[in-house]
Every structure is written in C-alpha cells, then in structure tokens.
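> Below you'll find the structure I mean.
The values are calculated or read from the model by the stated rules, or taken from the named source; none is laboratory data. Small disclaimer: the values here were computed from a predicted structure and weren't measured. Here the Cβ positions follow ideal geometry from the backbone for every residue, glycine too, while neighbour counts run over all protein chains shown. Just the protein is used for accessible areas: all its heavy atoms, side chains included, with ligands, DNA and RNA removed. Shrake-Rupley method; radii C 1.70, N 1.55, O 1.52, S 1.80 Å.
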Amino acid sequence: MIETKILSTTEENLKLAGNIIRDGGIVAFPTETVYGLGANGMNADSVKKIFVAKGRPSDNPLILHISDIEQLYDLAEEVTEECKKLIEAFWPGPLTVVVKAKKNIPVQTRGGLDTVGIRLPQNFVAQKIIENANVPIAAPSANLSGKPSPTKYNHVIDDMQGRIDAIVCGEDCKIGVESTVISVFDENITILRPGKISKKEIETVLGKMVALDRTLAGLESEISDFKPMSPGMKYRHYAPKAEMIVVAGVGQEVDKKIAALRLEYEKTGKKVGIMHFEYTDKNQAAHDLFDRLRQFDKEDVDIILATSIAGEGIGMAVMNRMVKAAGGKVVKV
Ligand code: TXA
Ligand code: MG
C-alpha cells in the first residue's frame, strides 16, 4: 500500500502534482474526457508503475499528454499535413493523434510499437500539471484495467487509493468518454477509437473520407449490422461487475423487449438495472455512461439491460463503450 495524497486544485497542489510526476511518481488528474493516471512518459520505470497500479497488459500503449503544440515535434518522427490540419482544428481537445514515434520515447510507453499517441488536453487542471511537470505525461484512464473509466474523482478514489502517489480532485469530466484516437502517420487515416470528435467533423476538416478500424464496424449508422448475442466476443472492457445486455432497436419494441427480459431475470431471483438512454441527448448519455455503470455495481445489480442509441457523432463512442461493457451481448429487436 502506498499513502495516496488527496489534493484539491489549488495552484500549490498543481505544482506538487507536477513535481511528483517529474520525480518519478504517479498522479491521477481530471481531463475533459475522463480522469487520467499520469507518469513521466519519457521514463520507463515511472511508466511501469502505471501498468502495475492499473493491472494493465504491458502491450497496450499509452497516450502522451502535452501542454504545448510544439512538443509534438519533439516526440513525432514526422508530422504529416493531415495531422497538422487535425490538431489545428481540434487541439487543445479530445483528439489523440497516432504518429511515428521518436526512438527516445521508451518502448514501455509505446507498448512496443513504433508509433505513439499524443494529445493536448483542453482541461485547465490537466494543462497546468503537464506544464509544471515539464515532461510529456503518459496517462491512461485512471481506472483498474477492465473497469469503466472514471469521470468523477470519487471513481478514482474507489479504484486507486493506496495504489498511487496522489489524486487531484477536480470537477466531473465534461465529456465523459475517452478521446477520439486517429492514426495519421500514413495515407491510411483511420479512426481507432471513436470519441467526442466525430468521423464527420474529421472528414470536414480533411476534405476527404477517413476509415474506421474494422473493430468498429456496425457502429456507424444503424445498429442493424450488429451480430445479435455474438458469443465469440470474449473481450470485455469498460465493464461493470454485472452482466450487461444491450437491446438495440427503436421505439416500443425496445421497451417491450426490456420488460420481457426483466421479468425473465427477476423470476430467477436476479437484481435487474435498466439503463435507458434512447431518448437522452447523446452528449448527456456520454457524460453519464460510466457513472451509471459504476452505480449499478454499488447497488449490486446482477443484470443491466441497456437501450442502444443512434451511432452518429458521439453516439458512436457511446455505443462502442456499451457494446464492450456488454462483452458483445446485443439483442436486436
Ligand atoms: O481521453 C483519453 O484519451 C484518456 C485521457 C486520460 O486523456 N486517456 C485514455 O487512455 O483513454 P487509455 O490508455 O485508457 O486508452 C488509450 C487508447 C488505447 O485503446 C490504446 O490502445 C490506444 O489508445 N493507443 C495508444 N497509443 C496507440 C498507438 N500508438 N497505436 C494505436 N493505438 C494506440
Ligand atoms: Mg482506458
């Protein structure tokens, strides 16, 4: 057990947080997307502490967070014209660009790849901490590996107290889902993870179509491409303890299906929780999603029945997280 300092966002504390990171420690802090768990991204030993605290597989690369666009040029082997256009349009903000990495970035940070993800967050507290640390900060989401990402400092305390040096307790995360990750190191510009910045917005800035990673197939417009109840999807992530099922469709049919499933499960003595986002504003759904998943765990719910939402804009990000939290269990009506 490590003694974890719980810090407010005073100027002094943001300096302390920066110092702890520069000196090799690990600190959780708010960003506009989710809370991050930061370490000196240029130091392999510091970065290793992140993997230990989270229980994260070492081949999953980290994102380097910077506080000034110029730092990108110190970290990237090459910055393409498309990359420049995107960061001009969306930085500071919830966009991570995957670029060719300079060799001085530790392999631990890159998860063994020769590329690296870089992001300039918009959140003031995050910016200040990066500035004070005076090093690029490697920061995954500050949850235990596999659990829903933290969007409130209480979520971070639940997962990380006793495992890390400090937690900076700021405001709730405005967006609530992680940054859009896009690879821009060659002509095959591809969205690897959907987020607040949508495919459409990116295409407008670039003036051309971009690809979606094949793991995202089916999320773009209709839920009609989803494979119902695909048992082969073993990969669970963003996952509550409860089992989760997404009911995909629109209108009354969804409500009917949820009511039927609820009855079925309750008959067998299971505690059922309902997550109804169908008529919710998509930004609000993104904002609430991870908090709701964590709430269900606190209430010891056994089965979560969730409605799908339309997969456009930030809706794609929400659906991506929901389907993963459900381990791919989607029922189409
Ligand atoms: O909004 C966010 O991006 C948050 C906040 C803290 O900034 N961070 C975050 O980090 O979500 P993490 O580690 O939980 O997720 C990073 C994602 C992973 O899916 C990882 O595989 C991918 O980005 N990634 C990072 N570097 C990559 C690379 N070089 N190539 C491909 N994917 C990469
Ligand atoms: Mg994460």
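> Does residue 259 meet the test of being surrounded by fewer than 23 Cβ atoms within 10 Å (Cβ to Cβ) and within 16 Å of ligand 2 (Cβ to nearest atom)?
Working: surrounded by fewer than 23 Cβ atoms within 10 Å (Cβ to Cβ): yes; within 16 Å of ligand 2 (Cβ to nearest atom): no.
The answer is no for residue 259.
Here's the yes/no breakdown for (1) in contact with a strand residue (DSSP E or B) (Cβ under 8 Å, 6 or more places away or on another chain); (2) in contact (Cβ under 8 Å) with a residue 24 or more places away in the chain; (3) of a type in the set (S, T, N, Q); (4) within 16 Å of ligand 2 (Cβ to nearest atom):
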residue: 107; (1), (2), (3), (4): no, yes, no, no
residue: 121; (1), (2), (3), (4): yes, yes, no, yes
residue: 127; (1), (2), (3), (4): no, yes, yes, no
residue: 130; (1), (2), (3), (4): yes, yes, no, no
residue: 138; (1), (2), (3), (4): yes, yes, no, yes
residue: 144; (1), (2), (3), (4): no, yes, no, yes
residue: 147; (1), (2), (3), (4): no, yes, no, yes
residue: 156; (1), (2), (3), (4): yes, yes, no, yes
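> Quick one: which of 298, 332, 324 is touching a strand residue (DSSP E or B) at 6+ places or on another chain (Cβ under 9 Å) and of a type in the set (Lys, Arg)?
Within the list 298, 332, 324, the selection yields 332.
> For the stretch 89-105, which positions are free of Cβ contacts under 8 Å to residues at least 60 places away in the same chain and among the charged types (D, E, K, R)?
102, 103
> In addition: Looking at the stretch 116-163, which of its residues are within 11 Å of ligand 1 (Cβ to nearest atom), open to solvent by 20 Å² or more (accessible area, probe 1.4 Å) and of a type in the set (Ser, Thr, Tyr)?
Scanning the stretch 116-163 gives 141, 145.
> Quick one: which residue in 277, 296 is among the aromatic types (Phe, Trp, Tyr), closer than 30 Å to residue 203 by Cα and either modelled with pLDDT of 95 or more or open to solvent by less than 10 Å² (accessible area, probe 1.4 Å) (or both)?
It is 277.
> Of the residues 58, 46, only one is more than 20 Å from the chain's Cα centre (by Cα), closer than 23 Å to residue 143 by Cβ and hydroxyl-bearing (Ser, Thr, Tyr); which?
Testing whether each residue is more than 20 Å from the chain's Cα centre (by Cα), closer than 23 Å to residue 143 by Cβ and hydroxyl-bearing (Ser, Thr, Tyr) leaves just 46.
> Among the listed residues 254, 323, identify the single one that is at pLDDT below 95, surrounded by 24 or more Cβ atoms within 10 Å (Cβ to Cβ) and part of a helix (DSSP H, G or I).
323
> Would you mind listing the helices (runs of 4 or more DSSP H) fully within the stretch 1-100 where at least 1 residues are open to solvent by 70 Å² or more (accessible area, probe 1.4 Å), within 16 Å of ligand 2 (Cβ to nearest atom) and farther than 14 Å from residue 135 by Cβ?
So the answer is 44-54.
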